[in-house]
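Taking it in order: structure first as structure tokens, then the write-up.
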Amino acid sequence: MNHLKTYILLAALTALFAGVGWLIGGASGMLIAILFAAAMNVFAYWNADKIVLKMYRAEPVDETTANPALRRYVADIHEMAARAGLPRPKTYVIQNDQPNAFATGRDPAHAAVAATTGLLAMLTPSEVRAVMAHELAHVKNRDTLTMTITATIAGAISALANFALFFGGGRDEEGNGGMGIIGALAIALLAPLAAGLVQMAISRSREYEADRVGAEIAGDPHALASALEKIEAYAKGVVNMDAERNPATAHLFIINPLSGKGADNLFSTHPATANRVRQLMELGVRMGVQRPAAAVPVTARASGPWG
């Protein structure tokens, strides 16, 4: 059902994109819009992982690293990937004090997962493991490709809406699709709003599902619930400037990395953390998993490149 909902919402986004194109330039404008969206998605399909990792200056790390904490981080990811029936993803660390993590890649065979140094410093090993299990769940569910395409189309709709406002609309050779400044203003305001709502709906449904699958992969719903609460609390006090400069990538992270001081957070792409925690606690009861004893944070066990 979640996959069906995603496909329906993606179809709605594509239809909205085509509709904006038609309003701007009639039948020819709609065709150009669809071709433009297709080209953007093809580019995103092959290059999304490289773009996002470079955007956040992610550094590759593997089991040969001299840092014991990072070796455990990589080893846990490899062990859980095998448990989930996934190829080993590329593993990265991002030098950023805000605790957060994301996954990217067009399919499980070309996946990458990344955690910030803030996440590794502030969470316990079991919580870090649970967070990365959540990211592996996104890979397993092929959410990384879905969310990339969603962001691409939503961003293109906003660009088209701004184009409509600037030019005030036009007409094709048959006189269709023209509009005045009022129509252009309406499109400029409503089209990005509608796109944002659809993007939000897709992102939220994906996060709930990744929480569930990730908790099963790690075998510890309570650790993921605890991690989500810590990440949200810590992230509010640490501004992620890379994310602020690239708000279209916010939905990739396990917790919204944006400060919320501007219009970027008008519609959050993440479900309320309290709701996610409640569902994870209920899952823990169904799985018969007991609450773990408090553990020592990663950085207390071994210093890292951030220390």
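The values are calculated or read from the model by the stated rules, or taken from the named source; none is laboratory data. Remember, predicted model here, so these are calculated numbers, not experimental data. Please note: Cβ atoms are built from the backbone with ideal geometry, for glycine as well, and neighbour counts cover all protein chains shown.
Worth pointing out:
- The listed residues are P60, P99, and the only one of them that is in contact with a strand residue (DSSP E or B) (Cβ under 8 Å, 6 or more places away or on another chain), at pLDDT 85 or above and surrounded by 15 or more Cβ atoms within 10 Å (Cβ to Cβ) turns out to be P99.
- In the range 63-73, residue surrounded by the most Cβ atoms within 10 Å (Cβ to Cβ) [restricted to those that are out of contact with any helix residue (DSSP H, G or I) (no Cβ under 8 Å at 6 or more places or on another chain) and part of a loop (DSSP other than H, G, I, E, B)]: N67
- Some residue of the range 226-242 being assigned to a helix (DSSP H, G or I), within 18 Å of the chain's Cα centre (by Cα) and free of Cβ contacts under 8 Å to residues at least 40 places away in the same chain: yes
- Scanning the range 132-149 for residues that are more than 23 Å from T64 (Cα to Cα), surrounded by 23 or more Cβ atoms within 10 Å (Cβ to Cβ) and small (G, A, S) turns up at least one hit.
- Residue tally, condition touching a Phe, Trp or Tyr at 6+ places or on another chain (Cβ under 6 Å) and under 19 Å from P60 (Cβ atoms), over the range 122-145: 0
- Take the conditions (1) in contact (Cβ under 8 Å) with a residue 40 or more places away in the chain; (2) over 28 Å from E127 (Cα atoms); A18 misses just one of them, which is (1).
- So D76, is it surrounded by 14 or more Cβ atoms within 10 Å (Cβ to Cβ), under 17 Å from the mean Cα position of the chain (by Cα) and not small (G, A, S): no
- Pairs with Cβ under 6 Å, 6+ apart, first in the range 244-271 and closer than 15 Å to A115 by Cα and part of a loop (DSSP other than H, G, I, E, B), second at pLDDT below 85 and small (G, A, S): N256/A250; N256/S268; P257/A250
- For the range 212-232, the criterion of being of a type in the set (D, E) and within 13 Å of R276 (Cα to Cα) is satisfied by at least one residue.
- Picking from residues in the range 32-54 that are surrounded by 14 or more Cβ atoms within 10 Å (Cβ to Cβ) and modelled with pLDDT of 85 or more, the one that is farthest from T148 (Cα to Cα) is L53.
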